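The values are calculated or read from the model by the stated rules, or taken from the named source; none is laboratory data. What you see is a predicted model, and the numbers here were worked out from it, not measured in a lab. Glycine also receives a Cβ, built like all others from the backbone with ideal geometry; neighbour counts cover every protein chain displayed. These area figures cover heavy atoms from the full protein model, side chains too; ligands, DNA and RNA do not enter into them. Shrake-Rupley method; radii C 1.70, N 1.55, O 1.52, S 1.80 Å.
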Amino acid sequence: MALAVLFAFVAQASQPVPARADGVVGDGTPESCTSMAFYTAIQAGDGTITFDCGPAPVTINTGVMGGYNLPLTSTYVIDGGGLITLSGGGATRIFHVNPASALTLMNITLSDGNANGGPYSYPTSGGAIVNDRGSLYLNNTVIRNNKSNLAAGAIENAFGVVVITDSRIENNQSAYGGAIDSVGALTIVNTLIWNNRALTNLGGALDVGGTVWISASQILSNSAVNGWGGGINTVGAALVIEASTLASNTALVGGGIYVSGMATLNTVDLTANRAEQYGGGVYNAGTLAATGGAFAGNHAEIWGGGIYNGGQAAVALSRIISNTSAQAGGGVTNAGSFEATDTDFISNTAGTLGGAISNVAAMTLTGGALLDNAAGSGGGIYTLGSITANGVFIARNRAQYGGGLYTTAAGRLALVDTFLDGNIASSQGGALYLAGSATLRASAARNNTAESGAAAYIASAAAITLTGSSVASNDATLNGGGIYNAGTATLTESAVDGNAAGNHGGGLYNAGMAALTRVGMSGNTATRGGGIYDAVTVTLSGSTLSGNAASFAGGGLFVEYGVAAVNDSTLRGNTALWGGGIYNSALFLDIRGTTTLSGSTLSGNTATNGGGLYNLGTASLLNTTLSGNTATTGGGIHNANKVNLRNATLSGNTATTGGALRMENGTVTGL
């Protein structure tokens, strides 16, 4: 509202005031258009000044130290008719606007001004113009090749009002604010600002405080190679940009924009900007709100190719595309508070961490997608902070570890209604590498690939909880086609289906603590443990393992030398060479698997040896039924160590030898 009121005021103020002493410079010849003639027109009193210098372009050198000094409270409209260039000759500024004065420049060019000293205020700022608490309006004006020793190669706005429309500001330079330095009210509309330079400090094109409104403009190829904000540097400013482009700007930090106040970007494209350190597109140390634009092709040598956020940022309905970082956060690095809504992160890359996102603080993603991003760890996301994602599609991202997402030990993930599809890790964690903690609710991981843990790799001391979620059609060349767990895994009312591992654990490889409650696990395949491979502790409650297959042993469950508790669960239709339903193994004579079944059913499983159960360890069957299992030896059970049966039922099992039970070695109690 405040900016709208300001603009309405500016629009009214910009209307030419009726001239009290109109003047024409020249008598129709170029020779008549001199600096003195122009100076005389100004001294005649405020009003409108035009030029009659003939049909060809004419350059008038200022020749006045410090520039043409407009009297206090004066009002001038200067119209160059598209033919006049006012030049400082590389020696002096061109205009000085005093307090309460107003200057309108139309259809004119200002060039080669130089603020290197002089009799007026701000002697080394504003190479072309100083606006000292006055009002300055530019329309169809070109300001080029000006410079200053300190600030504002083109325009210094010191607590005044500046409105620029349909103009070009180019090739200016200063220590900071290569084109404009403003601490007042600045409005820029339909204007090109390009190739300006801040040589030693901030703001390649603009260095601004106060209020700034930019619309339908282009800010291109400006630089602050030793400072912040190649395109724009804000110092506590309220900045609003609409329907504009910032492209190919460069800086040490914040290639496109450096924000230390408040910045609102509506339908703004930041493309091909570069930072030698942080924030190729934008570095935000204040408050940033961006809606409906694109951050594309920007680069940072350290963190945050598209955006580096150290403040508060909200990005909505936007695209973050093809940005790069040599180290972390190809698309975004967040060290503050970041909210992304219905925003897509596509084809961003980082040399080490977080192809799309590197997060060290708090981040929320709602809607949108992360597609085709790449990094060393965390192709989509790398986090050592907290990330909450709701309704996000994370697909086709690539990394060595954590193709989709990677969390450090301090990282926390909460995924709701989120899909991880087709992500790739050349080592561990196709969709997710977890060293911290994660919860997945109503989410799915499918078609992901890795050496181990194609859907999820849970490292030692990490913890994952899946509720109402699906792990399907993932593929690991080694272990854990669905999930590799070396930490703590809790699955509730979820499905693990159609996953494959080249070695162990088609659905789940467990080297930690795993608890499955009301989980369906079907159609998974591996060499050992088609459904589950357990080397530590796994508990199944009210769960079903069906149609899983192992080419060697443990079609449903392979217990290597761990502990398995199967409660009120069903294993049916699983197949293997050894132990169609369960293979309870022994690593050495004194290191054996321990499996306890309570209130459970093994039915319709098939193997060469041990259709229902092949036991080399210790197996206890309590209130458990084995029925309809088939094998060559031991249709129900093939025992080579210790089996304890308590209120167990073996019925309808078939085999060439030992339809119900084949005793190879060991003991059976409870018959």
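Please state which one of S627, S620, S603, S651 is within 18 Å of V538 (Cα to Cα) and of a type outside the set (D, E, K, R). Please lay out each step first, then the result.
Numbers: S627 fails: within 18 Å of V538 (Cα to Cα); S603 fails: within 18 Å of V538 (Cα to Cα); S651 fails: within 18 Å of V538 (Cα to Cα).
That would be S620, the only listed residue that is within 18 Å of V538 (Cα to Cα) and of a type outside the set (D, E, K, R).
Go through segment 536-561 and give me each residue that's crowded, with 24+ Cβ neighbours inside 10 Å and of a type in the set (G, A, S).
Of all residues in segment 536-561, those crowded, with 24+ Cβ neighbours inside 10 Å come to 538, 540, 543, 545, 548, 550, 553-560.
Listed by number, the residues that qualify are S543, A550, A553, G554, G555, G556.
Condition first: out of contact with any Asp or Glu (no Cβ under 7 Å at 6 or more places or on another chain), farther than 23 Å from M65 by Cβ and modelled with pLDDT of 95 or more. Can you find one or more residues in segment 147-158 that meet it?
no
Taking A56 and the conditions (1) modelled with pLDDT of 95 or more; (2) assigned to a strand (DSSP E or B); (3) not hydroxyl-bearing (S, T, Y), which numbered condition does it fall short on, given that it satisfies the others?
(2)
Can you tell me how many residues in segment 104-130 are in contact with a Gly (Cβ under 7 Å, 6 or more places away or on another chain), aliphatic (A, V, I, L, M) and crowded, with 24+ Cβ neighbours inside 10 Å?
2
With the checklist (1) β-branched (V, I, T); (2) open to solvent by 20 Å² or more (accessible area, probe 1.4 Å); (3) more than 14 Å from N146 (Cβ to Cβ); (4) part of a strand (DSSP E or B) in hand, flag the one item T85 doesn't pass.
So T85 meets the others, but not (3).
Does A454 satisfy the criteria of being open to solvent by less than 10 Å² (accessible area, probe 1.4 Å), farther than 20 Å from T517 by Cα and not β-branched (V, I, T)?
Numbers: open to solvent by less than 10 Å² (accessible area, probe 1.4 Å): yes; farther than 20 Å from T517 by Cα: yes; not β-branched (V, I, T): yes.
Yes.
For the subset of segment 503-518 comprising residues that are over 34 Å from the mean Cα position of the chain (by Cα) and either among the aliphatic types (A, V, I, L, M) or over 18 Å from I464 (Cβ atoms) (or both), which member is least open to solvent (accessible area, probe 1.4 Å)?
Keep residues of segment 503-518 that are over 34 Å from the mean Cα position of the chain (by Cα), which gives 503-504, 517-518.
Narrowing further to those that are either among the aliphatic types (A, V, I, L, M) or over 18 Å from I464 (Cβ atoms) (or both): 503-504.
Numbers: N503: 62, H504: 38 Å².
Filtering first and then ranking leaves H504.
Could you tell me whether any residue of segment 375-396 is assigned to a loop (DSSP other than H, G, I, E, B), surrounded by fewer than 20 Cβ atoms within 10 Å (Cβ to Cβ), touching a residue at least 12 places away in the same chain (Cβ under 8 Å) and among the charged types (D, E, K, R)?
Within segment 375-396, none of the residues are assigned to a loop (DSSP other than H, G, I, E, B), surrounded by fewer than 20 Cβ atoms within 10 Å (Cβ to Cβ), touching a residue at least 12 places away in the same chain (Cβ under 8 Å) and among the charged types (D, E, K, R).
May I ask you to list pairs of residues, at least six apart or on different chains, whose Cβ atoms are under 9 Å apart, with the first in segment 46-63 being closer than 16 Å to L110 by Cβ and aromatic (F, W, Y) and the second being open to solvent by 50 Å² or more (accessible area, probe 1.4 Å) and in a strand (DSSP E or B)?
F51/V24; F51/G81; F51/L83
What's the total number of residues in segment 238-257 that are at negative phi, outside any strand (DSSP E or B) and either open to solvent by 40 Å² or more (accessible area, probe 1.4 Å) or in contact with a strand residue (DSSP E or B) (Cβ under 6 Å, 6 or more places away or on another chain) (or both)? Talk me through it step by step, then tell me what you get.
In the first step, residues of segment 238-257 are kept if they are at negative phi; the result is 238-242, 244-247, 249-253, 255-257.
Filter once more, keeping what is outside any strand (DSSP E or B): 244, 249, 255-256.
After this cut, where a residue has to be either open to solvent by 40 Å² or more (accessible area, probe 1.4 Å) or in contact with a strand residue (DSSP E or B) (Cβ under 6 Å, 6 or more places away or on another chain) (or both) as well, the list is 244, 255-256.
Selection size over segment 238-257: 3.
I'd like to check something: does segment 305-317 contain any residue that is outside any strand (DSSP E or B), in contact (Cβ under 8 Å) with a residue 12 or more places away in the chain, farther than 13 Å from I387 by Cβ and β-branched (V, I, T)? Steps first, answer last, please.
Kept after step one, since they are outside any strand (DSSP E or B), are these residues of segment 305-317: 305-306, 310-311, 317.
This time we only want the ones that are in contact (Cβ under 8 Å) with a residue 12 or more places away in the chain, so: 305-306, 310-311, 317.
Cutting the leftovers down to farther than 13 Å from I387 by Cβ gives us 305-306, 310-311, 317.
From what's left, β-branched (V, I, T): none.
Within segment 305-317, none of the residues are outside any strand (DSSP E or B), in contact (Cβ under 8 Å) with a residue 12 or more places away in the chain, farther than 13 Å from I387 by Cβ and β-branched (V, I, T).
Can you tell me which residue among N226, N233, N201 is part of a loop (DSSP other than H, G, I, E, B) and either open to solvent by 10 Å² or more (accessible area, probe 1.4 Å) or touching a residue at least 12 places away in the same chain (Cβ under 8 Å) (or both)? Explain how you work it out, then say what you get.
Working: N226 fails: part of a loop (DSSP other than H, G, I, E, B); N233 fails: part of a loop (DSSP other than H, G, I, E, B).
It is N201.
Kindly evaluate V212 against the criterion of being open to solvent by 10 Å² or more (accessible area, probe 1.4 Å) and either modelled with pLDDT under 95 or assigned to a strand (DSSP E or B) (or both). Outline the logic, then answer.
Numbers: open to solvent by 10 Å² or more (accessible area, probe 1.4 Å): no; either modelled with pLDDT under 95 or assigned to a strand (DSSP E or B) (or both): yes.
Taking the combined requirement at face value, the residue does not satisfy it.
Given the options T606, T667, T630, name the one that is touching a residue at least 40 places away in the same chain (Cβ under 8 Å), farther than 17 Å from G529 by Cβ, in contact with a strand residue (DSSP E or B) (Cβ under 7 Å, 6 or more places away or on another chain) and open to solvent by 50 Å² or more (accessible area, probe 1.4 Å).
Working: T606 fails: farther than 17 Å from G529 by Cβ; T667 fails: touching a residue at least 40 places away in the same chain (Cβ under 8 Å).
Answer to the selection: T630.
Among the candidates A37, A19, which residue alone is of a type in the set (G, A, S), over 48 Å from the mean Cα position of the chain (by Cα) and at pLDDT below 80? Please lay out each step first, then the result.
Values: A37 fails: at pLDDT below 80.
Checking each option against the conditions leaves just A19.
So, in segment 145-170, exactly how many residues are open to solvent by 40 Å² or more (accessible area, probe 1.4 Å) and at positive phi?
Pass one, segment 145-170, residues open to solvent by 40 Å² or more (accessible area, probe 1.4 Å): 145, 147, 149-150, 159, 166, 168.
This time we only want the ones that are at positive phi, so: 145, 159, 166.
Residues flagged as open to solvent by 40 Å² or more (accessible area, probe 1.4 Å) and at positive phi within segment 145-170 amount to 3.
Can you list the strands (runs of 3 or more DSSP E) found entirely within segment 622-671 that contain at least 3 residues being within 18 Å of G554 (Cβ to Cβ)? Explain how you work it out, then say what you get.
Details: elements: 625-627, 630-633, 637-639, 642-646, 649-651, 654-657, 661-663, 667-669.
So the answer is 630-633, 637-639.
Which one of these does T75 not meet: (1) over 47 Å from the mean Cα position of the chain (by Cα); (2) within 17 Å of A151 (Cβ to Cβ)?
The one condition T75 does not meet is (2).
Across segment 264-292, what is the number of residues that are within 14 Å of the chain's Cα centre (by Cα) and assigned to a loop (DSSP other than H, G, I, E, B)?
Residues flagged as within 14 Å of the chain's Cα centre (by Cα) and assigned to a loop (DSSP other than H, G, I, E, B) within segment 264-292 amount to 3.
Output the residues belonging to segment 460-487 that are of a type in the set (S, T, N, Q), open to solvent by 10 Å² or more (accessible area, probe 1.4 Å) and closer than 14 Å to N524 by Cα.
If the condition is that a residue be of a type in the set (S, T, N, Q), open to solvent by 10 Å² or more (accessible area, probe 1.4 Å) and closer than 14 Å to N524 by Cα, then S470, S473, T477, N479 are the ones that fit.
Just checking, which of I108, I143, I193, I164 is assigned to a strand (DSSP E or B), under 38 Å from the mean Cα position of the chain (by Cα) and over 26 Å from S260 (Cα atoms)?
Numbers: I108 fails: under 38 Å from the mean Cα position of the chain (by Cα); I193 fails: over 26 Å from S260 (Cα atoms); I164 fails: over 26 Å from S260 (Cα atoms).
The conditions single out I143.
Does A514 satisfy the criteria of being in contact with a Ser or Thr (Cβ under 8 Å, 6 or more places away or on another chain), more than 23 Å from L622 (Cβ to Cβ), touching a residue at least 12 places away in the same chain (Cβ under 8 Å) and not β-branched (V, I, T)?
Numbers: in contact with a Ser or Thr (Cβ under 8 Å, 6 or more places away or on another chain): yes; more than 23 Å from L622 (Cβ to Cβ): no; touching a residue at least 12 places away in the same chain (Cβ under 8 Å): yes; not β-branched (V, I, T): yes.
Spelling it out, it is not the case that A514 is in contact with a Ser or Thr (Cβ under 8 Å, 6 or more places away or on another chain), more than 23 Å from L622 (Cβ to Cβ), touching a residue at least 12 places away in the same chain (Cβ under 8 Å) and not β-branched (V, I, T).
Looking only at residues in segment 295-328 that are among the polar types (S, T, N, Q) and open to solvent by 10 Å² or more (accessible area, probe 1.4 Å), which one is farthest from T250 (Cα to Cα)?
If we filter segment 295-328 for residues that are among the polar types (S, T, N, Q), which is where we start, we get 298, 309, 312, 318, 322-325, 327.
Filter again for open to solvent by 10 Å² or more (accessible area, probe 1.4 Å), leaving 312, 322, 324, 327.
On the way: Q312: 23, S322: 17, T324: 14, Q327: 18 Å.
The qualifying residue farthest from T250 (Cα to Cα) is Q312.
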